[in-house]
Amino acid sequence: MIHTRRDILNFAGTLSLFSILPSFTLASKSKSKFLILIELGGANDGLNTVVPYGSKLYKRLRPRLAIENKDILKLDNFVGLNPALQQIARLYEQGECKILQGLGYPHPNLSHFRSIELWERGGDGKSNGRNGWLIEPLEVLSKDISLDAKAMFLDNAGNIFSGGLNGYLSVQDLQLITSTDAKPASVKASESSNPLIGELIQSRDENRELLAGLKSKLGKFNGSTNSSDIESQMKTVCDLIGRGLNVPVFKVSISGFDTHVSQFWTHKHLLEQLDRAVGQTATDLKRLGVWDDTIIMTYSEFGRRVKENGSEGTDHGMAAPHFVLGGGIKGGIYGDYPQLGQLEKDNLLYSMDYRSVYNFVLAEHFGLKDNPFASYDFSKIA
């Protein structure tokens, strides 16, 4: 059978849609695991999130921004949570929240764009990861487990999936998938005398089968979500997991944490949104029976300075605490308490390399002991 140039272009056009989808792999007997990454865009103020109320320097350095002692959700005799974090406090009490203190990296960079790139690529102030920090581990994972996609982002993916060739979906991709016709092809691979064309047709047909399976799981999902609303994003994640999609990584975000001016109430409202989203997600995932197989992890480009500025805000800082939540983890407070009397240019010094958290998630949660961050010891946070 002779194929025209138009036939070839049509086949290639069909394949272009499916290039966003992963290849088939043999299904593994292991249970699905999920990681939900929450980017706190703008650099969250760690000291008014996990509050070192036990330090006399806290109120002295923040006379207008310090949270009143009576309002703090106390966790021990030195630190407590911002009162906006009621649901996260409840998860902590249930042993389902790790608070990791003093996260950072050597030779810190206080540029928003550069530092978030480092966090998302697994680099530090002197070196940078080549790809997003999850790319290589997800490639390994996809060879052992049948995935519907390797990862999905409900916001701007940023650098975290940089270097990933296929299998990294956005909400818009799902919208496209659910509206795409997956009817059987009219031309079969066996009908072509050209090996290249035959291979192209066969690949197209395999991707059509994958598309049909994905469409079946998505059902009437319309792919719509408000990318600026963390609660909406997290509801969509739970919706997709509930539909049976095997996607190991989801990324969402909430922005507005660059609080140079009038921080107190802005920060409170942002933490309230984060708290509601995390609390509802935990409830939904427990109902779905996958909370024990899920980790929620927050991250941000850096922290903020200890001393408040003249505009009732805080400026770019270095180290900061973050949360790791889930039903299968060992909750608690990990890492060194912030030393407010030992600062570098009004900045907290980091005491824990954030890449040890990456190693923990990859090795303990996904079972990938041999990963790009295996040299970073996580024994102090396990």
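Determine whether the stretch 305-312 contains at least one residue that is among the hydrophobic types (A, V, I, L, M, F, W, C) and under 16 Å from LEU35 (Cα atoms).
No: zero hits.
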Identify the single condition in (1) in contact with a strand residue (DSSP E or B) (Cβ under 8 Å, 6 or more places away or on another chain); (2) modelled with pLDDT of 90 or more; (3) under 30 Å from GLY328 (Cα atoms); (4) of a type outside the set (D, E, K, R) that LEU169 does not satisfy, given that it satisfies every other one. (2)
In the stretch 283-327, what residues are in contact with a Lys or Arg (Cβ under 9 Å, 6 or more places away or on another chain), more than 22 Å from GLY46 (Cβ to Cβ) and small (Gly, Ala, Ser)? GLY327
Please count how many residues of the stretch 322-376 are surrounded by fewer than 21 Cβ atoms within 10 Å (Cβ to Cβ), touching an Asp or Glu at 6+ places or on another chain (Cβ under 9 Å), without any contact (Cβ under 8 Å) to a residue 40 or more places away in the chain and of a type outside the set (Gly, Ala, Ser). 1
Being under 18 Å from the mean Cα position of the chain (by Cα) and surrounded by fewer than 20 Cβ atoms within 10 Å (Cβ to Cβ), is that true of even one residue in the stretch 298-321? no
LEU165 passes all but one of the listed conditions (1) surrounded by 15 or more Cβ atoms within 10 Å (Cβ to Cβ); (2) of a type in the set (A, V, I, L, M); (3) not in a helix (DSSP H, G or I); the exception is number (1)
If I filter the stretch 139-160 for residues that are part of a loop (DSSP other than H, G, I, E, B) and either at pLDDT below 60 or over 20 Å from LEU35 (Cβ atoms) (or both), do I get at least one hit? no
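Could you tell me whether the stretch 97-111 includes any residue that is in a helix (DSSP H, G or I), touching a helix residue (DSSP H, G or I) at 6+ places or on another chain (Cβ under 7 Å), modelled with pLDDT of 95 or more and buried (at least 20 other Cβ atoms within 10 Å of the Cβ)?
No, there is no match, as no residue in the stretch 97-111 is in a helix (DSSP H, G or I), touching a helix residue (DSSP H, G or I) at 6+ places or on another chain (Cβ under 7 Å), modelled with pLDDT of 95 or more and buried (at least 20 other Cβ atoms within 10 Å of the Cβ).
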Subset of the stretch 18-43, residues touching a Pro at 6+ places or on another chain (Cβ under 9 Å) and modelled with pLDDT of 95 or more, comes to LYS33, PHE34, LEU35
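The values are calculated or read from the model by the stated rules, or taken from the named source; none is laboratory data. Small disclaimer: the values here were computed from a predicted structure and weren't measured. Here the Cβ is made from the backbone with ideal geometry for all residues, glycine too, and neighbour counts use every protein chain on show.
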